[in-house]
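The values are calculated or read from the model by the stated rules, or taken from the named source; none is laboratory data. In this text the structure is predicted, and so the values were computed from the model without any measurement. Here the Cβ is made from the backbone with ideal geometry for all residues, glycine too, and neighbour counts use every protein chain on show. Remember, those area values only see protein heavy atoms, side chains included, never the ligands or the DNA or RNA. Shrake-Rupley method; radii C 1.70, N 1.55, O 1.52, S 1.80 Å.
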Amino acid sequence: MNPVLRLRSSGDPLAIRDFRRRWVNLLMVTVLFTAALVAIVPLFNIFLYVLRQGLPAMGWDFLTQLPKPVGEAGGGMANALAGTAVLVVLAAAAGVPIGVGTGIYLSEYGRGKFPATLRFAVDLMTSIPSIIVGLFVYVVLVVPMKSFSAYAGGAALAIIMIPTVARTTEELLKLVPNHIREAGLALGIPRWKVTLRIVLRGSLGGIMTGIMLAVARTAGETAPLLLTSLNNRFWANSLSEPISSLPVQIYSYSISPFEEWHQQAWAAALLLVGFVFVLNLLTRLVLRRQPAGRD
């Protein structure tokens, strides 16, 4: 006999409700799995396409040599690789502490008009186009310094990074149950210690994931760097002068008429994707091996 007909004939409301719950659960799991598959398949297709296009131009010379002049074969993007690392480190050094601090303030002390205004400003910054950030830093730093520089590029990337880190930190800290905070306060622990040693530490994995997402976004930005750090076909001798970066180098090579430069642009894109992937992987491995510890 059909299970549905047997349930209907039995007239047991609990059995019918359990049957419906099981089928709804199976349906929702199937929908979620399909949605995840739809999101993953294009991602792997893009990665495989970049790998197929960029791998032939990848080599030791590409990683260690400077770009060759127009008309000469070979060369690499060692300066752009180092420049991207410098810009990301500068941006993270400024953007991560400010973003995490802002998120902690909005989550733990965000009551009143000023926190509401600050939260609105953070949301507004998230939607600002990166080219506008580049124009702002150009007026504030580049024009007074009368030079493009790594400082200006790092500042532009930091501004882009701050709202993402702040909102991620705030939302993750809000997920921590209030009774955990109350338990710490009941033991006589100061509130700032409860926030830093208990609440923040318990959400560290999610916050680090948000930071990696912000780093991944800023590492691939091109428009603000064109107005701040510009480009440099040689090694930068100081942070106060123009510096090369992989996104700008990819842009410059991709619009050129030379096929060899197009291949190197694909190789640089593969290098940028690999940099973000390895950074995320190392972060997850470090967090997984981190002992829980005791306060």
* Gaussian network model of the chain, Cα springs within a sub-10 Å range: biggest mean-square fluctuation belongs to which of Ser203, Ser245, Ser130? -> Ser203
* Out of [x] 60, 49, 33; [y] 84, 59, 37; [z] 74, 44, 33, which label holds the value of Cα extents along the principal axes in Å that was computed here? -> [y]
* Structure fact -> Counting only protein heavy atoms and rolling a 1.4 Å probe, one gets per residue an accessible area for the chain in Å² of 59
* Asked: Tell me, what is a quarter of the convex hull surface for the C-alpha atoms of segment 38-137, in nm² with one decimal?
  -> 10.8
* Structure fact -> Within the set Asn25, Asn232, Asn280, GNM on the chain using Cα springs under 10 Å gives the largest fluctuation to Asn25
* Structure fact -> In segment 13-137 the accessible area split gives carbon plus sulfur, as whole percent at 1.4 Å, a share of 76
* For segment 13-78, what Kirkwood radius comes out of the mean inverse Cα-Cα distance, in Å? -> 16.4
* For the chain, modelled as a GNM with alpha-carbon contacts under 10 angstrom, which of Thr126, Thr117, Thr102 fluctuates the most? -> Thr117
* Identify the trypsin sites (Lys or Arg not before Pro) of segment 91-153 meeting these criteria: DSSP loop state and at most 11 other C-beta atoms within 10 Å of the C-beta. => Arg111, Lys146
* Structure fact -> With no solvent term and unit scatterers on the alpha-carbon positions of segment 210-286, Debye gives log₁₀ I(q)/I(0) at q = 0.20 Å⁻¹ of -0.95
* With at most 13 neighbouring Cβ atoms within 10 Å, loop chymotrypsin sites (Phe, Trp or Tyr not before Pro) (DSSP) excluded, longest segment of the chain -> 110-233
